[in-house]
Each structure stands twice: as structure tokens, then as C-alpha cells.
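The values are calculated or read from the model by the stated rules, or taken from the named source; none is laboratory data. Values in this document were obtained by computation on a predicted structure and should not be read as measured data. Backbone-built Cβ (ideal geometry, glycine too); neighbour counts: all protein chains shown. SASA here: full protein model, heavy atoms, side chains in, ligands and nucleic acids out. Shrake-Rupley method; radii C 1.70, N 1.55, O 1.52, S 1.80 Å.
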Amino acid sequence: MIEPDIIKDAEIEVLLKDIADVYDYDFTQYSKASLKRRLNRICIIDKFTSFAELRYRLINDASYLQRFIEEITVNVTEMFRDPLFYKALRTDILPSLGTYPFIRIWIAGCSTGEEAYSIAILLKEIGLYNQALIYATDINPGVLEKAAKGIFAAGPMRQYAENYILSGGSKDLSVYYISQYDHVRFHSDLKSKIIFSTHNLVSDASFNEFQLILCRNVLIYFDKDLQNRVFKLFDDSLQPLGYLALGAKETIRFSHLEHKYRQWNGEKIWKKISWES
Amino acid sequence: MAANKQTEILLIGGSAGSISVLLKMLPDLRRDLSFPVVIVLHRKAGNESGLELLLNTHSNLPIMEAYDKINIRPGTVYLAPADYHLLFEDKEQIGLDFSEKVNYSRPSIDVAFQSAARVFKANTAALLLSGANNDGLKGMECIAQYGGMLLLQDPATAEVAFMPKQVLFRMNVQQILQPENMARFMNQLNGN
């Protein structure tokens, strides 16, 4: 059986414009290929048989909007994904921030929080947790609620524990959580320095100055123009000599930031070396 | 039916046992290939550059791992990166996606093939190689639906014949190819 194409390209434009008109969410600059898959997927899960049905529900039922956003944005994330990246944070990037009396870190598009807890663990282990504050933001209030609970499915924990060791961790990851049936609950002291908050990269402004911004596997869902806009937002939100970290297949090359930043040791980490506007 | 359709993209999907086939085919592809080649292989996350390097030593054409929003060019071979789905934004641009696995796979051959079919329509050519799971089947069906060209590794030559056999039993395939004949066939698709 062929995956049905419930929504056509022209209809996507109409729907996105509707949403931007009725609500304060603008998805018109999201990557079309991925968004189209998500829209067809939500039609199948929520049993809309036509574009008109989905459109009617969205426009007339504001309570449906949150679910819609949660389903069309991708909320797949992992702890210590790309262990070598976390190793670089552990051994070089975060220690270099230790000279600041106060370290501010922004995790943009944190989804259900796995990265935020990973960073919290790193900070604890290198003794910088108490002088740090992690802002973990997402467009999606639903995933932030989950993130704030610190409860994750037990299934992937074995993979996360392996990632953690490969990232230079020397303990057993399980010292940070207690197991409850098919879930694990991370100790609440890990989140005492994490602030979970909604923030929409498309429309919200800079809200602080950071020494490190992580935005990994979020920009892949944006088109080039929107990516450039978000890069500007990050640039406005980074202190001089601060760091911007992206996903394994994302780059600031070919963007407006290219010449103001220097890539760190082949990792997807860029240091802000020029701050004249 | 294939006569006046110009190939604009060549997709190659494979799983277990397909790397040796690529190593046989890639060296003989012509340098002035008039379309891009996109390879989607099942592989473990993490050991990415090894495969790119290996294939590069066996190819006249440049081979690179795709990154987000990369502009694709004729005569270049792009490799789907480990642990991302590969999609086509349009005929020039690849997009990546870290959504749920499909058929236990990321990258999924189905996802990449379906996305290509919607963008390149009848000008898509797709070759499915050796493999042990069902990923690729729906992708091939979708390409057939848009009138694209279905190519298949001869199951008799496949290290793991399950995947090509699945297609053979269900669909009308334009050409069944032995590894040593693949490059010659691809070269004939050239529009130059």
C-alpha cells in the first residue's frame, strides 16, 4: 500500500497561511519536504480524510492547536547524542567557560529535555553546575511539561548509558535516576538549574546573553531564509567569544555568520570571534 | 514507456550486502553523468566518514555525505548521512529530518524514494540492491505510481535476496541488473 498523500503542495500553503492569520504561529518558512510528511502523518493519526477536514478543525478549535503543533514538529531527541560532541563540551568548551562567575546556556528547541539533562550532568561532573543556568526552550508547551518532569522511557536508557560513557563519563548513568517500571525519573537536583520555557524561534526575540547556545537538529526543519534569521537571533544572543553548537549535519557556512565565527576543531561548534555589526 | 523520459535523479537503495555491489558499479560510472546520484544505505549510526571514504576510493565521481539544504549537482554522488532521513525540498535541494525511524531504519529507503518521486515524478530512476528487510518496497511502489523507472539488482546475484525479491514479485521492473552491468546501464541514461 502506498502512503497516501492526503495534503497537496498548494493546500499546504493555504493551511499555513490560515494558521498564521488565526493564531500567532508562522510555519510558512518551515522546510516543505519534512512538513509535508508531518501533515500527512497527522491526518492519518487523527483520522482526517481530507485537507478540508483538518483545516476546519484547526480554524475552529483553538484547543486542537497545541496537539497540531506537537505533531507537526519533530520531537525525537536523545541523551548524549553524538558522544564526541559531548566529549568536546566536557573537556574543552564548558571548562573554558568556568572563568565566568555565571554561565548562561541556551538550549533552543529542547523538545522533551534529553539534551538539557545531558548538559546538566556534564556541568555537575566538571564542577560548574552551581554557577550555571540552563535555559531550555521550545515552541511546544506540551513537550516542555514532559521535560520539566524529568521522566523518560526506560527503553533507550541503555543506548544513552553507552553514549554517556563514550562522551567521557566515568560513572554509571543510572546514578542520576531511579527506575520505575518502564520509566526512569531523573533526580530533581539535576533540574534545579534548568529553566524550561516556551520560545518560538520564528517570532520571538532574543531574551538574554549566553556563553553557549545549543540548537541541534532544529534548523533542518527551517528553510534557508528562516535559518539565516535564526542565526541572527543567536548572534544577538551570544556574548563575544561565546559558542554556538549545531547538529551533526548543520552548518553556518554559507550563512551571514560565516565570517564572524570560527569552527572549533572540526566539531559542529563555532566560536564568536567578531562582534561588530 | 521510458523512451522520452529524461532521468533527472538516480536513487540507489540498499541494505545488507549492497556495499560490494556499489564498489563494483561506481568505478565505471561516466564522469559527465547528467544527473545526481543519491545513495541511501542502512548502516549503523556513528561510523559515518568511513563509508564516504571507502566509496570515494572506488569512484571517478565525487562522493559526499549530504548535509542539510545541500544543493545537488549532476555528476555527483550523495550519500544519506547515518541516522537522518533524506528528503528532497525540490530538484536542487536536499533536506534532512530526524523524525521517527521507518521500517526500523533511519535513513529509510522508503522515505527518500517517496520524497524523490513527488519531486522528480516520472524522471526518477531508482535501483534497489541486496537487503534483508522490507524498506524500499513502498518507495519503489511510489516511484512506479509516478511513472518513474524501477531497476533491481538480480536477486540471484544478491548476497541477501529478500529485498529485491519482494519487489520482483509485486511490481513491473524495467530492468534487472547484475552488478557488472549496472554502470553501463546507468551511463546510457545520460542526457548529454
Looking at (1) within 14 Å of chain B (Cβ to nearest Cβ); (2) in contact with a strand residue (DSSP E or B) (Cβ under 8 Å, 6 or more places away or on another chain); (3) surrounded by 16 or more Cβ atoms within 10 Å (Cβ to Cβ), find the lone condition where A:Gln227 falls short. (2)
Sort out which residues of region A:27-56 are away from chain B (no Cβ under 14 Å) and open to solvent by 60 Å² or more (accessible area, probe 1.4 Å), and write them in order of number. A:Lys47, A:Thr49, A:Ala52, A:Glu53, A:Arg55, A:Tyr56
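Out of curiosity, is B:Met140 within 29 Å of B:Asp32 (Cα to Cα) and in contact with a strand residue (DSSP E or B) (Cβ under 6 Å, 6 or more places away or on another chain)? Steps first, answer last, please.
Details: within 29 Å of B:Asp32 (Cα to Cα): yes; in contact with a strand residue (DSSP E or B) (Cβ under 6 Å, 6 or more places away or on another chain): yes.
Judged against the criteria, B:Met140 is a match.
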Yes or no: B:Ala16 among the small types (Gly, Ala, Ser) and surrounded by 23 or more Cβ atoms within 10 Å (Cβ to Cβ)? no
Please find, within region A:186-223, the residue that is farthest from A:Lys124 (Cα to Cα) out of those that are part of a strand (DSSP E or B) and aromatic (Phe, Trp, Tyr). A:Phe222
If you take the residues in region A:85-143 that are outside any helix (DSSP H, G or I) and of a type in the set (D, E, K, R), which one is least open to solvent (accessible area, probe 1.4 Å)? A:Asp138
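Is it true that A:Tyr221 is at negative phi, modelled with pLDDT of 95 or more, open to solvent by less than 20 Å² (accessible area, probe 1.4 Å) and not basic (Lys, Arg)?
On the way: at negative phi: yes; modelled with pLDDT of 95 or more: yes; open to solvent by less than 20 Å² (accessible area, probe 1.4 Å): no; not basic (Lys, Arg): yes.
Criteria not met by A:Tyr221.
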Answer yes if at least one residue in region A:8-15 is under 30 Å from B:Gln145 (Cα atoms), in contact with a Phe, Trp or Tyr (Cβ under 6 Å, 6 or more places away or on another chain) and open to solvent by less than 20 Å² (accessible area, probe 1.4 Å), and no otherwise. no
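With respect to A:Asn75, is the statement that it is farther than 30 Å from A:Glu125 by Cβ, at pLDDT below 95 and within 14 Å of chain B (Cβ to nearest Cβ) true?
no
Here is a yes/no grid of residues against (1) assigned to a loop (DSSP other than H, G, I, E, B); (2) open to solvent by less than 10 Å² (accessible area, probe 1.4 Å); (3) at pLDDT 95 or above:
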residue	(1), (2), (3)
B:Leu127	no, yes, yes
B:Gly139	no, yes, yes
B:Leu151	no, yes, yes
B:Gln166	no, no, no
B:Asn187	no, no, yes
B:Gly191	yes, no, no
